[in-house]
Amino acid sequence: MKISDILNDPKFKISFEVFPPKKETSWDNVKEATEEIAKLNPAFMSVTYGAGGGTSRYTLDIAKNIESKFDFPMLTHLTCVSSDKEAVSRHIEEMKEAGIHNVMALRGDLTPELEATDRSKWAYTNAVQLVRQLREYDYDFCIGGACYPEVHPESSNQREDIKYLKEKVDAGVDFLTTQMFFDNNLFYNFLYKIREAGITVPILPGIMPITNANQVERAIKLSGSFMPQRFKSLVDKFGSNPDAMKQAGIIYATDQIIDLYANGITNIHVYSMNKPDVARGIKDNLSAILGKEFE
Ligand code: FAD
């Protein structure tokens with residue numbers, strides 16, 4: 001089933017993102033954690049892809065394992081900036097062989113090593129090139145793209161960022177997933193602006209539950225996300241108490257999701273960080289609040 005069909009269904013649903021093992025010795029742990037998350041019966045699950053190729057070989061393996069055991073589709077991420085056309089083509093063929101139809105087409109982050117090289121020699125500079133490549137195949141891909149309510153860190157302003165986002169969507173993106181955000185107003189403003197720019201595909205807000213204090217710095221560094229004072233106060237108060245911080249993070253994420261639901265958003269993507277207990281905590285909270293609407 002295509003993710004875009006799931007997103008067009010007006011029933012309220014959540015989906016979970018997981019990441020593949022970084023090395024072979026972690027395979028069993030990651031397999032077990034992702035299966036536990038799958039048992040929560042999300043609308044679908046996505047599996048990230050290592051930009052530098054480090055974890056990329058396991059992305060399809062995790063997706064295939066879950067798809068063989070559970071009755072919902074998988075979305076596999078694919079990045080291109082540190083690859084050449086042949087390597088990307090090979091990976092696309094492997095996806096086709098595995099029967100994967102849903103792909104998140106990403107550029108990937110720029111590493112200092114890559115940035116030190118001559119940009120004119122890169123096979124890919126932006127995700128739009130990967131979207132166009134995927135669309136050349138005689139295969140029914142459902143393609144997702146990333147978007148940034150707080151503007152991609154490399155963009156000089158939001159107008160430019162949305163202009164390139166429109167180009168990416170027009171190249172063949174079927175749905176968009178947002179970077180994490182911790183203030184829903186940023187998402188509502190962004191949604192208004194992209195709709196005004198003529199981007200009409202479904203958009204999936206990405207919610208990151210921050211359940212330990214160390215994650216905060218890393219999340220801000222990776223995403224450049226704005227941390228509301230309300231959230232900073234939680235971390236100040238509970239950051240040194242792991243159990244309390246975990247519950248506070250689950251409650252904050254649930255609160256964001258409930259606010260999105262109350263404002264008419266029916267699809268939510270949760271960055272589970274491979275933590276079944278956190279994913280379960282959010283799911284249980286939503287079931288308690290939404291009851292039958294969420295069964
Ligand atoms: P693009 O859409 O190419 O945008 C990157 C920058 O280039 C933006 O500033 C954009 O405005 C600009 N731009 C776009 N087109 C043009 C153009 N034609 N000319 C000039 N400038 C242009 N990373 C991973 O390594 N693995 C993952 O699995 C992964 N999953 C992600 C999932 C989501 C939902 C999100 C939001 C991010 C994910 N990332 C992942 C991180 C992502 O790779 C980085 O944020 C990366 O820096 C940008 O990727 P993109 O696909 O959004 O790039």
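Being closer than 23 Å to L290 by Cβ and over 16 Å from the mean Cα position of the chain (by Cα) is the filter here; which residues of the range 2-28 pass it? Outline the logic, then answer.
Let us first name the residues in the range 2-28 that are closer than 23 Å to L290 by Cβ, namely 3, 5-17.
Within the range 2-28, D5, N8, D9, P10, K11, F12 qualify.
Out of the residues in the range 204-228 that are more than 23 Å from N241 (Cβ to Cβ) and part of a helix (DSSP H, G or I), which is farthest from the ligand (Cβ to nearest atom)?
From the range 204-228, those more than 23 Å from N241 (Cβ to Cβ) are 204-206, 221-226; that's our starting set.
Adding the requirement that they be part of a helix (DSSP H, G or I) leaves 221-223.
Numbers: K221: 12, L222: 8, S223: 8 Å.
Across the range 204-228, the extreme among qualifying residues is K221.
For the range 261-294, give me each residue that is within 16 Å of the ligand (Cβ to nearest atom) and of a type in the set (A, V, I, L, M). Give the derivation first.
So in the range 261-294, the residues within 16 Å of the ligand (Cβ to nearest atom) come out as 265, 267-274.
Selection gives I265, I268, V270, M273.
Go over the candidates G145, G108, G172 one by one and state the one that is of a type in the set (G, A, S), in contact with a Ser or Thr (Cβ under 7 Å, 6 or more places away or on another chain), touching a residue at least 12 places away in the same chain (Cβ under 8 Å) and within 14 Å of the ligand (Cβ to nearest atom).
Working: G145 fails: in contact with a Ser or Thr (Cβ under 7 Å, 6 or more places away or on another chain); G172 fails: in contact with a Ser or Thr (Cβ under 7 Å, 6 or more places away or on another chain).
Result: G108 is the single residue among G145, G108, G172 that is of a type in the set (G, A, S), in contact with a Ser or Thr (Cβ under 7 Å, 6 or more places away or on another chain), touching a residue at least 12 places away in the same chain (Cβ under 8 Å) and within 14 Å of the ligand (Cβ to nearest atom).
Quick one: what pairs do we get from the range 59-79, first residue under 17 Å from P21 (Cα atoms), second among the basic types (K, R) and in a loop (DSSP other than H, G, I, E, B), C-beta under 9 Å, 6+ apart or different chains?
Between residues of the range 59-79 that are under 17 Å from P21 (Cα atoms) and residues that are among the basic types (K, R) and in a loop (DSSP other than H, G, I, E, B), the close pairs are T79/R107.
Taking T25 and the conditions (1) within 16 Å of the ligand (Cβ to nearest atom); (2) of a type in the set (V, I, T); (3) out of contact with any Lys or Arg (no Cβ under 9 Å at 6 or more places or on another chain), which numbered condition does it fall short on, given that it satisfies the others?
Going through the list (1) within 16 Å of the ligand (Cβ to nearest atom); (2) of a type in the set (V, I, T); (3) out of contact with any Lys or Arg (no Cβ under 9 Å at 6 or more places or on another chain), T25 breaks only (1).
So for the range 148-160 (the condition being more than 11 Å from the ligand (Cβ to nearest atom), outside any strand (DSSP E or B) and surrounded by fewer than 16 Cβ atoms within 10 Å (Cβ to Cβ)), does at least one residue qualify?
No; the residues of the range 148-160 include none that is more than 11 Å from the ligand (Cβ to nearest atom), outside any strand (DSSP E or B) and surrounded by fewer than 16 Cβ atoms within 10 Å (Cβ to Cβ).
Tell me, which residue of the range 52-90 that is surrounded by fewer than 19 Cβ atoms within 10 Å (Cβ to Cβ), within 13 Å of the ligand (Cβ to nearest atom) and on the phi < 0 side of the Ramachandran plot is modelled with the highest pLDDT?
G54
If I filter the range 122-142 down to residues being within 11 Å of the ligand (Cβ to nearest atom) and part of a loop (DSSP other than H, G, I, E, B), which single residue comes out as nearest to S4 (Cα to Cα)?
N126
Looking at this structure, is T178 within 10 Å of the ligand (Cβ to nearest atom) and either surrounded by fewer than 16 Cβ atoms within 10 Å (Cβ to Cβ) or polar (S, T, N, Q) (or both)?
On the way: within 10 Å of the ligand (Cβ to nearest atom): yes; either surrounded by fewer than 16 Cβ atoms within 10 Å (Cβ to Cβ) or polar (S, T, N, Q) (or both): yes.
So T178 passes the test.
I'd like the full set of residues that are surrounded by fewer than 17 Cβ atoms within 10 Å (Cβ to Cβ) and within 23 Å of L286 (Cβ to Cβ), limited to the range 216-241.
P228, R230
The values are calculated or read from the model by the stated rules, or taken from the named source; none is laboratory data. Everything quoted here is computed from the prediction, not taken from an experiment. Backbone-built Cβ (ideal geometry, glycine too); neighbour counts: all protein chains shown.
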